[in-house]
Amino acid sequence: MSAKVFDSHAHMDSDYFDADREEVFAKLRQEIAGMINPGCDNETSFKAITYAETYDFVYAAVGWHPEEVLRMQDDDLKKLEEWSKHPKVVAIGEIGLDYYYDDCAPRDLQKKRFIEQLDLARRVDLPVIIHDRDAHGDMLDIFHNEGKGLRGVFHCYSGSVETAKELLKMGFYLGFGGSSTFKNAEKVRSVLKYVPEDRILFETDSPYLTPVPYRGKRNNPAYTLLVAKNAALVRNTDVENLIEKSTENVKKLFSKIS
Ligand SMILES: [Zn+2]
């Protein structure tokens, strides 16, 4: 195998990597073409930038995750805007809506902070990395009303083929990770089968959602290869070609990555 995978979504700032982060990064340098570490608040966005400054194959995204926005202050938007000018900050994310947890931030606040960060992305001309958990309806409404001039990826896509069609029409990319390898993930695989080759991104969402056969263990950006191999099986296509294509897609969407 000569083509190397690009992990478009991994949280190397997680405590799960505290014991051996540097070793993991050193190995990854050989194993993958590159990776994007999205932030979920100020602290993790800053860490992502630190990794991107330390490792040439690592890129950062900055943003406030919907589960964290209760702590977000108006000043934090200015911070994100400053960071967005950094040469290795390639996107605003991860941002979005999460209606799965009841104890998450109230939906109105989630929407407000999400729309503010979408406006920021438009202003600084960066793509967005979207988290959408059980919020597909509101998500589509927001993009129909406020999505003009935005580009981005729905990471770890979990919606229907119908919703995917709408998003593809709006120009979005779809990210597929470990969950697309799970036994009960027929719905995700039906989307994976449907989505055009020039809109597919691969990811791990490390340290979570570890692909089969390592499900339950710590995830690692190198496992993007397992996700890509599974996708090639599902799509009945050549894995090398699919990996090359998906890395091209990463560079097209995140245009600050050369
Ligand atoms: Zn994530």
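So how do Ser180, Ser255 rank on accessible area, 1.4 Å probe, biggest first, that is with the largest at the start?
Details: Ser180 0, Ser255 80 Å².
Reading off the accessible areas and sorting them downward yields Ser255, Ser180.
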Over the chain: Kirkwood hydrodynamic radius from C-alpha pairwise inverse distances, Å: 18.0 Å
Over the chain: helical MRE at 222 nm, DSSP H runs n ≥ 4 each giving -39500 (n - 2.57), nearest 500: -13000 deg cm²/dmol
Burial order of peptide ranges 136-149, 118-131 (average beta-carbon count within 10 Å, highest first): 118-131, 136-149
Stretchable slack from Arg107 to Lys251, in nm (0.36 nm times residue separation minus alpha-carbon distance): 48.5 nm
Gyration tensor verdict on segment 62-177 (Cα atoms; rounded if a/c is under 1.5, prolate if a/b is larger than b/c, oblate otherwise): oblate
Net charge of neighbours whose Cβ lies under 13 Å from the Cβ of Glu43, counting Lys and Arg as +1 and Asp and Glu as -1: -2
Cα gyration tensor, segment 115-246 - rounded (a/c under 1.5), prolate or oblate: prolate
Rounded accessible area of Glu248 (nearest 10 Å², 1.4 Å probe): 100 Å²
Long-range HN-HN contacts of Phe202 with modeled amide H, under 5 Å: Ser8, Phe176
Label-point separation in nm, Met1 to Lys217, each point 7 Å along Cα→Cβ: 1.5 nm
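Write down, largest first, the equivalent ellipsoid semi-axes of segment 1-104 in whole Å, where each equals the square root of 5 times an eigenvalue of the alpha-carbon gyration tensor. Provide the component values of the computation, followed by the final result.
Numbers: eigenvalues 127, 50, 32 Å².
The answer is 25, 16, 13 Å, longest axis first.
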Contact order normalised by residue count of the chain, Cα under 8 Å, 6+ apart, percent: 20 percent
Accessible area (Å², 1.4 Å probe, nearest 10) - Leu168: 20 Å²
Rounded to the nearest 10 Å², the accessible area of Arg199 at probe 1.4 Å: 60 Å²
Too-long pairs where the Cα-Cα distance tops 18 Å, listed order kept, from Lys148/Lys187; Lys111/Lys165; Lys4/Lys245; Lys4/Lys193: Lys148/Lys187; Lys111/Lys165; Lys4/Lys193
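The values are calculated or read from the model by the stated rules, or taken from the named source; none is laboratory data. Owing to the predicted nature of the structure, the values given are computational and were not obtained by experimental measurement. With ideal geometry, Cβ positions are generated from the backbone for all residues, glycine too; neighbour counts draw on all protein chains shown. Please note that ligands, DNA and RNA were not included when accessible areas were found on the heavy atoms of the full protein model with its side chains. Shrake-Rupley method; radii C 1.70, N 1.55, O 1.52, S 1.80 Å.
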